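Everything below concerns the one structure shown next.
The values are calculated or read from the model by the stated rules, or taken from the named source; none is laboratory data. Predicted model, so just to flag it, every value in this text is computed and none were measured. Here the Cβ is made from the backbone with ideal geometry for all residues, glycine too, and neighbour counts use every protein chain on show.
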Amino acid sequence: MKKVLSLILISVFFIGFLASCGGDSSSSDNSDKASSSYTPNLENGKAVYDRSCVACHMQGVAGAAAITDKARWEASAAKGLDTLHAHALHGFQGEHGVMLEKGSCADCSETDVYDAVAYILKEAGVEAK
């Protein structure tokens with residue numbers, strides 16, 4: 001049963017991965033900026049989320065924190081915004097699952113990732129320090 005569930009989760013993940021590939025990024029800024037001094041564009045964050053993040057974060061697929069799981073986002077936000085940005089940009093192996101680099105959005109800029117993180121936190125009702 002665990003093997004079947006694992007295969008289903010992996011299949012769903014790869015379908016989400018393929019769906020997030022390509023597309024037109026609304027921001028092409030790939031510069032390294034201090035995330036603490038960044039002002040997010042929530043409209044772009046929603047667009048990035050809808051295109052690339054929703055596959056895992058809508059329902060919490062493969063251990064991802066669902067956008068509605070306020071407790072999980074509060075725990076993540078407690079680590080600080082810089083840590084959240086680093087995990088989203090460079091990937092992260094956590095106790096619940098794996099966050100791929102840029103959530104598998106190869107064409108997302110750093111700005112896009114920051115905007116998506118801000119959008120998710122806002123929708124979850126959480127504020128990072």
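A few comments on the model shown:
- V126 touching a residue at least 12 places away in the same chain (Cβ under 8 Å), among the aliphatic types (A, V, I, L, M) and surrounded by fewer than 21 Cβ atoms within 10 Å (Cβ to Cβ): yes
Here is a yes/no grid of residues against (1) over 11 Å from A116 (Cα atoms); (2) out of contact with any strand residue (DSSP E or B) (no Cβ under 6 Å at 6 or more places or on another chain); (3) not hydrophobic (A, V, I, L, M, F, W, C):
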{"position": "Y49", "(1), (2), (3)": "no, yes, yes"}
{"position": "G63", "(1), (2), (3)": "yes, yes, yes"}
{"position": "T68", "(1), (2), (3)": "yes, yes, yes"}
{"position": "A71", "(1), (2), (3)": "yes, yes, no"}
{"position": "A75", "(1), (2), (3)": "yes, yes, no"}
{"position": "K79", "(1), (2), (3)": "yes, yes, yes"}
{"position": "A88", "(1), (2), (3)": "no, yes, no"}
{"position": "F92", "(1), (2), (3)": "yes, no, no"}
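- Qualifying residue in the range 5-15 (condition: modelled with pLDDT of 50 or more and farther than 19 Å from K102 by Cβ): no
- Qualifying positions in the range 78-107 - assigned to a loop (DSSP other than H, G, I, E, B), under 13 Å from the mean Cα position of the chain (by Cα) and either under 15 Å from L42 (Cα atoms) or among the small types (G, A, S) (or both): G91, G97, A106
- Lone unmet requirement of (1) modelled with pLDDT under 95; (2) not in a helix (DSSP H, G or I) for T68: (1)
- Yes/no for K2 being at pLDDT 95 or above and more than 16 Å from C108 (Cβ to Cβ): no
- Taking the criterion of being in a helix (DSSP H, G or I) and either at pLDDT below 95 or among the aromatic types (F, W, Y) (or both), the residues of the range 108-129 that qualify are Y114, Y119.
- Number of the exception - E74 against (1) in a helix (DSSP H, G or I); (2) crowded, with 19+ Cβ neighbours inside 10 Å; (3) at pLDDT 95 or above: (2)
- Candidates are the residues of the range 87-105 that are hydrophobic (A, V, I, L, M, F, W, C) and surrounded by 15 or more Cβ atoms within 10 Å (Cβ to Cβ); the one that is nearest to D50 (Cα to Cα) is C105.
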